[in-house]
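Below is one structure, written out as structure tokens; the observations come after it.
Just so you know, all these numbers are worked out from the coordinates, no wet-lab data involved. What you see is a predicted model, and the numbers here were worked out from it, not measured in a lab. Cβ sites come from the backbone with ideal geometry, for glycine too, and all protein chains shown count toward neighbours.
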Amino acid sequence: MSSGLQLSAPNSLYSLISFLIILQLAFIVTPGKALASSLSIEEIRDFSITGISQNGNIVVGSKNIDGKYRAAQWSNGKVTILTSEPNSVAAGVSANGAVAIGVIDYNTTYSRAVRWVNGKMSYLEGPEGFTMSSANSVSSNGSVVVGTYRNQAGFTQAFRWTQSQGMVGLGALDSSYPLSRGVAVSADGSTVVGGGNSNNGLQAFRWKNDTMIGLGFLHQDLTGKGESFAKDVSANGSVVIGFSKNERGQSEAFRWVNGTMSPLGFLEDGIKSTAQGVSDDGGLVVGYSSDSNHNSKAFRWTESQGMVSIEQLLKDGGVDLTGINIRYALGTNADGSIIHCSQGTGDGLLINIPYAGIITPEALYQSLDVMGQVSPMVSNMGQLSMNRLANAASGHASRSRVNPLAENSRGMSSGDTMPGRLDLWMVGSFGTNIELDSDDINLHGGLGLSWETDNWRFGGGLFADSRDLETGYNGSQDISALGPGAFVTYSPEGTRFEFRVSSLWQSVDLDLTRGYMNGAGYATSSGSTEAEVFSLSGQVQWTGNISETLSLTPFIEYTWQTTRVDAYTESGGPFPAKFDSREEYSNLIRTGLRADVALIDKLDTWVWGAWNHRLEDSSTGMSGSATGIGAFAYPGAPIDQDWADVGVGAAWSITDRLSASTSLGFAVGCDDNSVSDTTLSAGLSYQLW
């Protein structure tokens, strides 16, 4: 694997630890193999889950006993009742599961925040005169608790509790009507998020260092009013998720990072969505999306995949969901691999969907390396279309070019005049890489018109290309292109020189599937995007007659090309990636010699040999982000700079107006998959006038 792949610094301690664990596993397992992760679902009857430990082995919530819900803890199939008090719930749990927090509702006007340490319960004492309190979240080590209490003035406010300071109110965004609610806390307890009253309406907040700031809204009306509420926060406090009203007045899930609140969208047919939980690194969000009939479906969102139905992820992984309705995703463990959900019936669900997955770094890097060949392949397809355009420009498929020896390289003797002729031409080719173990099929074609006079030849047409390449581990690259090309050729009278300029533009569609080893099997992640290719070429050649049946034509040509590939995001598989847009530039010099042999009056044959030199030694750098490694920057895949091409061809006159041609070419000394090593071409030309 190339050492040029560069990883950006992980955006959290967890990301770094995850990557180091993956790296260690690469050395523990047999090279080329890794531990496989599987999808699974576990149903916990009569248990509503509201909190989950770091590794997902312990969950807390409430257990339905004789119609009364009591705070409880579940671990390895065993339920432990935390209090005999009915109408109680354990809302959160520390990383190791030793500390749980929650609330006991004694009646409609009185409730108490509680904290359990190793199963022993204690009340969280509040300020003098408080009447109600509830604990909603706890820090990683269990020492900081956040929640809501009602103060002596009757206002509900967010609080932060520690053993040393007790319950401390955090204030509100609007001091004239100070209402706030603390919902979640960062791993170290320094950052609290929730929602509260503001001058512009209910607004999500983030509290840190004794300062509460509003996070804004997805949309504000003409009066500046909006609505938002925060539901969870990443381990380091930098990523906040929740919901906000959008411009259509719909509640929509959001993700807030670095001062910017971004909408996460909806599932299909959804008109409402809410984000409920976020992984420690902030990269994975869970929640639910509802349609107009109030049918809700749990979702998982990642930057690389966007919002995806959890039910669909499980079905795609072959999990039987008979009798299970995954309506609400309410939270996730630290790495996002275990999501706790609700069916809306009081039965909890623990769903294992690997987020980062486990793979050897070599396998992941290799799959990215393969994608570095995309832009060179698109570029080479444009080059092949330029070759077809050159065939049309040279007139090898035209009756005007059959037996050029007798016509002094342009079909006319010095001093003669040509009234002009109009030809309809078709050119096409089939190419492949025979040394590849996988299939590689290249199809290229063009259709157009050309007009020829004494010293000039003008023409243009439409060119279509298609390439289907298997890339290993069930990966594939299906590329199709379509666009116009034009040329002009000038032959100064009596010089035997020929000068040609041609250009081509194509729009390209790409369907790309990246395959890679995943555990004992294969996995794929797929995406689609578009590209554009523009080529400009110039050629100079001179033809000299050696004998009545043989001529030699040395030539040199230069082709400049730019290829732009749009950004795209993959879906599917445990390691999807997001690729940034990139632009490829190619400068190719080709020089060689063609020998034309006139066997009979209506048949022209030729052979050629040419040397190709590409000024660039690598493809354009590639960047993006991939699940498991985060952001990456790849300097580009190495590509061959020098190779030869040789071939034979023939053109013959079928009738006075109809001509045909064919050629077979080979690339020699080029191991670059973007260049076909065998190309079979054919053409037809019909004189319209």
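Working ranking of peptides 55-68, 257-270, 587-600, 285-298 by packing, defined as the average number of other Cβ atoms within 10 Å per residue, highest first, is 285-298, 55-68, 587-600, 257-270.
Coupling constants for the range 45-60 follow from the phi torsions by the Karplus curve (6.51 cos²θ - 1.76 cosθ + 1.60, θ = phi - 60°), and in residue order they are 5, 6, 9, 9, 8, 10, x, 9, 6, 4, 8, x, 7, 10, 10, 10 Hz; glycine and proline get x.
Going by average Cβ neighbours within 10 Å, how do the peptides 182-188, 196-202 rank, with the highest at the top?
On the way: 182-188: 23.9, 196-202: 19.9.
The most tightly packed comes first, giving 182-188, 196-202.
Taking amide H as placed 1.01 Å from N in the peptide plane, the amide H of Ile58 sits under 5 Å from that of Ser53, each at least 5 places away or on another chain.
Ranked from largest, the principal axis spans of the Cα set of the range 281-359 equal 38, 25, 22 Å.
Near the amide H of Gly237, within less than 5 Å, lie the amide hydrogens of Ala187, all on another chain or at least 5 residues away, with H placed in the peptide plane. Amide hydrogen proximity for Val114: with H placed 1.01 Å from N in the peptide plane, the residues at 5 or more positions away or on another chain lying under 5 Å are Gly102, Val103, Ile104, Leu124, Ala135.
Output the pairs from Lys208/Lys231; Lys225/Lys245; Lys272/Lys297; Lys63/Lys272; Lys272/Lys578 with a Cα-Cα distance over 18 Å in this structure; if there are none, say none. Working shown, then result.
Numbers: Lys208/Lys231 16 Å; Lys225/Lys245 10 Å; Lys272/Lys297 11 Å; Lys63/Lys272 29 Å; Lys272/Lys578 26 Å.
Violating the 18 Å limit, Cα to Cα: Lys63/Lys272; Lys272/Lys578.
Normalised size of the chain, defined as Cα radius of gyration per 2.2 N^0.38 Å with N residues, equals 1.31. Across the range 247-260, rounded Karplus estimates of 3J(HN,Hα) from the backbone phi angles (6.51 cos²θ - 1.76 cosθ + 1.60, θ = phi - 60°) give 5, 8, x, 8, 6, 9, 4, 10, 9, 10, 9, 6, x, 10 Hz, Gly and Pro being marked x.
Which of the GluC sites (Glu not before Pro) found in the range 452-546 are loop residues per DSSP with 15 or fewer other Cβ atoms within 10 Å of their Cβ?
Numbers: sites: Glu452, Glu470, Glu493, Glu498, Glu530, Glu532; in loops: Glu493.
Here the GluC sites (Glu not before Pro) that fit, given the DSSP loop and packing criteria, are Glu493.
Two tests apply to each whole DSSP H helix in the chain, Cα reach of 20 Å or more along its axis and mean Kyte-Doolittle hydropathy of at least 0.5, and the ones passing both are 13-28.
Applied to the range 613-622, the Karplus parametrisation 6.51 cos²θ - 1.76 cosθ + 1.60 on θ = phi - 60° returns per-residue 3J(HN,Hα) values of 10, 9, 5, 8, 9, 8, 6, 5, x, 10 Hz, with x for Gly and Pro.
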